Amino acid sequence: MTAGQANPLVAVIATGGTIASERTDSGASIPSLTGESLLALLPDMPVDLRPIELMAKDSASLTLADMQEISDKVGELLGDAAISGIVILHGTDAMEETALLVHLQHGLIKPVVFTGAQFTADHPTADGPGNLAAAVAAAVDPANAGRGVLVCFGGRLLPAWGLYKHSSDVADAFRQSRPLENPPSPRLAAALDNVRIDVVAIYPGCDSVHVDASFRADAHGIVLAALGSGNANPRLVEAVRRCADVGVPVVVSSRVPDGLLVSSYGGGGGGHDLAAAGAIHSSTLRPGQARILLAALVASGASAEAIEHTFADLVSDATP
């Protein structure tokens with residue numbers, strides 16, 4: 001920084017989560033700290049910080065409308081020329097979902113970084129201040145503007161695409177299902193407030209009752225948290241066919257956290273059979289993120305071909 005040169009300005013959006021939580025006398029952790037109070041815990045840094053108090057929620061309680069509100073605020077700040085970067089403080093239970101939504105809706109011209117904490121602010125080994133300091137440093141690095149939305153957590157700086165929470169009790173909490181950089185944002189700007197996408201868990205011997213219930217509840221789309229590389233059984237194949245016949249998209253993801261998902265198995269209910277019935281395979285995104293992407297695509301009026309292309313990581317074919 002040369003003499004007389006202003007510090008870069010980072011906007012810090014507070015949304016709640018463990019990073020802003022303390023334990024009450026009952027032992028429950030609740031978001032109670034403001035963004036401004038969290039910024040006061042940071043060491044001296046050659047950065048100016050602007051706290052923005054947007055909401056104070058555990059991320060497990062977030063709705064699609066809440067996530068949309070966060071994304072809208074990021075969009076507003078992207079248009080503020082005075083701001084060099086944006087940090088979002090967010091709970092870890094749904095961090096990968098909101099981070100993906102922001103990436104899907106905005107082409108970035110400055111770094112956007114999510115962070116949070118595994119341990120409350122009053123925990124003896126609170127990790128929030130360290131994560132926040134690292135996220136602020138990442139948000140003033142111009143090289144990160146071209147990488148899409150990032151998550152800075154536990155010493156890692158990871159792209160949002162394919163991200164999932166892999167541990168509930170260690171500080172290094174996030175991984176990617178495949179080591180991919182973010183694809184370019186498709187800029188799916190339509191709001192998700194009125195979209196319903198359900199996630200249905202598949203298990204050995206299950207029937208189609210939950211898919212049928214989602215269908216009757218007028219879900220705009222369904223994600224299957226399937227087995228292996230995206231497999232189910234003949235009853236689910238028939239349920240997928242019923243959905244496809246009336247234009248309700250079904251995306252097949254997996255409960256397996258890592259690896260490329262390929263619709264290769266037959267046998268009456270494998271991924272190949274689900275695809276033949278009209279399901280779309282998610283190459284990389286696991287169920288939580290698949291739900292967000294499908295919601296954004298449905299809200300934007302995407303065609304079946306566009307949905308399939310996007311779930312193939314926005315490339316013509318998904319290769320390892």
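The values are calculated or read from the model by the stated rules, or taken from the named source; none is laboratory data. All values reported here derive from a predicted model rather than from experimental measurement. Here the Cβ is made from the backbone with ideal geometry for all residues, glycine too, and neighbour counts use every protein chain on show. When the accessible area is computed, the model is the full protein with side chains, heavy atoms only, and any ligands, DNA or RNA have been set aside. Shrake-Rupley method; radii C 1.70, N 1.55, O 1.52, S 1.80 Å.
The table for this structure:
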quantity	calculated
Residue among Asp212, Asp273, Asp245, Asp258 that alone is in contact (Cβ under 8 Å) with a residue 60 or more places away in the chain and of a type in the set (Asp, Glu)	Asp258
Qualifying residue in segment 115-137 (condition: surrounded by 24 or more Cβ atoms within 10 Å (Cβ to Cβ), within 14 Å of the chain's Cα centre (by Cα) and at pLDDT 95 or above)	yes
Of the criteria (1) at pLDDT 95 or above; (2) touching a helix residue (DSSP H, G or I) at 6+ places or on another chain (Cβ under 8 Å); (3) open to solvent by 40 Å² or more (accessible area, probe 1.4 Å); (4) within 23 Å of Leu100 (Cβ to Cβ), which one Val195 fails	(3)
Given (1) modelled with pLDDT of 95 or more; (2) open to solvent by less than 60 Å² (accessible area, probe 1.4 Å); (3) farther than 21 Å from Thr310 by Cβ, number of the condition Gly270 does not satisfy	(1)
Verdict on Gly230 being of a type outside the set (Ser, Thr, Tyr), closer than 24 Å to His90 by Cβ and out of contact with any Lys or Arg (no Cβ under 6 Å at 6 or more places or on another chain)	no
Residues satisfying the stated conditions in segment 301-318, i.e. part of a loop (DSSP other than H, G, I, E, B), in contact (Cβ under 8 Å) with a residue 12 or more places away in the chain and open to solvent by 50 Å² or more (accessible area, probe 1.4 Å)	Gly301, Val315
Filtered residues of segment 224-266 (kept if within 22 Å of the chain's Cα centre (by Cα) and open to solvent by 40 Å² or more (accessible area, probe 1.4 Å))	Arg255, Val256, Pro257, Asp258, Leu260, Val262
Hey, Ala190 open to solvent by less than 50 Å² (accessible area, probe 1.4 Å), modelled with pLDDT of 95 or more and farther than 16 Å from His90 by Cβ or not	yes
Top-ranked residue in segment 138-158 [being open to solvent by less than 20 Å² (accessible area, probe 1.4 Å) and not aliphatic (A, V, I, L, M); ranked as farthest from the chain's Cα centre (by Cα)]	Asn144
So Asp58, is it under 20 Å from Asp93 (Cβ atoms), open to solvent by 50 Å² or more (accessible area, probe 1.4 Å) and touching a residue at least 24 places away in the same chain (Cβ under 8 Å)	yes
Subset tally (residues that are within 20 Å of Gly230 (Cβ to Cβ) and buried (at least 17 other Cβ atoms within 10 Å of the Cβ)) for segment 159-174	4
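For every residue, the table says whether it meets (1) touching a residue at least 24 places away in the same chain (Cβ under 8 Å); (2) part of a loop (DSSP other than H, G, I, E, B).
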{"site": "Thr120", "(1), (2)": "yes, yes"}
{"site": "Asn131", "(1), (2)": "yes, no"}
{"site": "Val136", "(1), (2)": "yes, no"}
{"site": "Ala143", "(1), (2)": "no, no"}
{"site": "Leu158", "(1), (2)": "no, no"}
{"site": "Val170", "(1), (2)": "yes, yes"}
{"site": "Arg178", "(1), (2)": "yes, yes"}
{"site": "Asn182", "(1), (2)": "yes, yes"}
